Amino acid sequence: MRFDIVTLFPDCFNSVLNSGLLGKALAKQIAEVHLVNPRDFATDKHRKVDDEPYGGGVGMLMKPEPIFTAVESLPILPRREVILMSPQGQTINQPLLKELVTNYDQLVVICGHYEGVDERVLHLVTREVSLGDFILTGGEIPAMALINGVVRLIPGTVAKTESLTAESFEEGLLDYPQYTRPANFRGLKVPDVLLSGNHAAIARWRYEQQIQKTRDRRPDLLEKWKQGAGGAGEAGGAGRK
């Protein structure tokens, strides 16, 4: 998959793109990320990319011309989505990440800054995406989260593919508690069932823990889960297969 990130601050991506699984995936060319600075496409001598909003208001807006020209300079793959990172957009969640990795070969991601972008930039955009209901200084951090979430779903990034299907949100529930050695750390003990070797009992315990954790921490998710196929499993006491 190809990512084209339109950002005024390309340097802030360097550490993220060269670290961990994401860095390994890019090194193996499982995905590629290209950083494009709209300032390089400004035509005035000061390379100006922002201006005051018409009608007055606080702050500055990113001008449309550099963004349009930056996006128009990019290659166009057949399955392309142009995304504006915006607090007004669709919130990033696991179904969205799956949709993007399944349906698109190219994601063009526009990172807003200052007080946002000129409304006419939306004529370029096919989707607005948000990290959540809060405001940041720019779209770079949300863009990093989007790249990370999508790339880890591309085959070859995560060595054990089963780990992608046994984690929070994949079944509509939060993940179960997990432990590693030592079995007793400062009096904090691993639950006996996990040491029992009884795989059926372990599966039941994990399933029950998922439901309990979701009930305690994300009751909104639990209600959605109950309305779907999972609710029948809780009512009937069925264990997770």
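The values are calculated or read from the model by the stated rules, or taken from the named source; none is laboratory data. Not measured: the values here are computed from a predicted model. Cβ placement follows ideal geometry from the backbone for every residue including glycine, while neighbour counts extend to all protein chains displayed. Side chains are part of the model used for accessible areas, which takes the heavy atoms of the whole protein and leaves out ligands, DNA and RNA. Shrake-Rupley method; radii C 1.70, N 1.55, O 1.52, S 1.80 Å.
Details
- Pairs meeting the criteria (first residue in the range 74-102 and touching a residue at least 60 places away in the same chain (Cβ under 8 Å), second residue part of a helix (DSSP H, G or I), beta carbons under 7 Å, at least 6 apart or on different chains) are Met85/Pro142; Met85/Ala143; Val101/Val150.
- Within the range 20-35, being free of Cβ contacts under 8 Å to residues at least 60 places away in the same chain and over 19 Å from Cys111 (Cβ atoms) holds for Gly20, Gly23, Ala27, Gln29.
- Of all residues making up the range 43-83, the number that are in contact with a Ser or Thr (Cβ under 9 Å, 6 or more places away or on another chain) and modelled with pLDDT of 95 or more: 7
- All strands (runs of 3 or more DSSP E) inside the range 79-162 with 1 or more residues being over 22 Å from Leu35 (Cβ atoms) and touching a helix residue (DSSP H, G or I) at 6+ places or on another chain (Cβ under 8 Å): 80-91
- Index of the failed condition, Lys48 passing every other in (1) of a type in the set (D, E, K, R); (2) open to solvent by 20 Å² or more (accessible area, probe 1.4 Å); (3) under 20 Å from Gly139 (Cα atoms); (4) outside any loop (DSSP other than H, G, I, E, B): (4)
Every residue, every condition in (1) out of contact with any helix residue (DSSP H, G or I) (no Cβ under 6 Å at 6 or more places or on another chain); (2) part of a helix (DSSP H, G or I), yes or no:
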site	(1), (2)
Gly172	no, no
Tyr176	no, no
Val193	no, yes
Ala200	yes, yes
Ala203	yes, yes
Arg206	yes, yes
Gln209	yes, yes
Asp216	yes, yes
Leu221	no, yes
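- In the set (1) open to solvent by less than 20 Å² (accessible area, probe 1.4 Å); (2) touching a Lys or Arg at 6+ places or on another chain (Cβ under 6 Å), Ile110 fails one condition alone, (2).
- Complete set of residues in the range 1-42 that are assigned to a strand (DSSP E or B) and at pLDDT below 95: none
- Applying the criterion of being among the charged types (D, E, K, R) and under 27 Å from the mean Cα position of the chain (by Cα) to the residues of the range 25-79, the residue that is nearest to Gly156 (Cα to Cα) is Lys28.
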